[in-house]
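As structure tokens, the structure follows; a few thoughts come after it.
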Amino acid sequence: MLSTCLMVLLAAISLSTFVFTADPKGSLAVSSIQVFPGNARRYANKNQDFAFVNFNLTADLTPLFNWNTKQLFLYVSAEYENKRGVKNEVVIWDRIVRRKEDAQLSVAGRNKYVFRELSASFKDAAPAHYSLKYNIMPYVGVLTYGEAARTAEPVPFPERQELS
């Protein structure tokens, strides 16, 4: 009997979070992109392009917090199509927000993770859209996903800069 009551309570908690709808707002702007040649650790003999993206991000994600929100997983991703027509989505930055007080973001940052093109070059790659996406991780219930900010226009990749 106790386990049945507990399961009903947890189901009610899980279902009640669907009542809360939030539409967080933010802005994301790419301030600069630089592309350099280099060798990846895994493929030491293969020359590839590496992109370094500087971005400015502001967002108010406090509406995503309610009594069932454990934490938010935030990430900035680049979506582009390479010269072979393959669509790519690459995570370049992420952060975990555990408290509502920390959900006001103002970040002037750079990609945290390596951003490289597997086909060796960003040359002839379509311009990329950058977006801030989130996952809401509840105490009880299902994960929910969404997008809080996106670049207004796609950002082209510049020509490769040679290292001197």
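Each value in this text was obtained by applying a stated rule to the coordinates, not by laboratory testing. Note that the structure is predicted; figures quoted are calculated from it, not measured. In this analysis, Cβ positions are derived from the backbone assuming ideal geometry, glycine residues included, and neighbour counts consider all displayed protein chains.
Across the chain, the longest piece that holds none of the GluC sites (Glu not before Pro) lying in DSSP loops with up to 13 other C-beta atoms within 10 Å covers 1-158. Ignoring the sites themselves, the chain has its longest run without chymotrypsin sites (Phe, Trp or Tyr not before Pro) in a DSSP loop having at most 12 other Cβ atoms within 10 Å at 114-164.
When you filter the trypsin sites (Lys or Arg not before Pro) in the range 59-164 for DSSP loop state and at most 14 other Cβ atoms inside 10 Å of their Cβ, you are left with LYS83, ARG84, ARG98, ARG99, LYS112, LYS123.
Placing dummy labels 7 Å off each Cα toward the beta-carbon, the span from LEU2 to THR21 is 4.0 nm.
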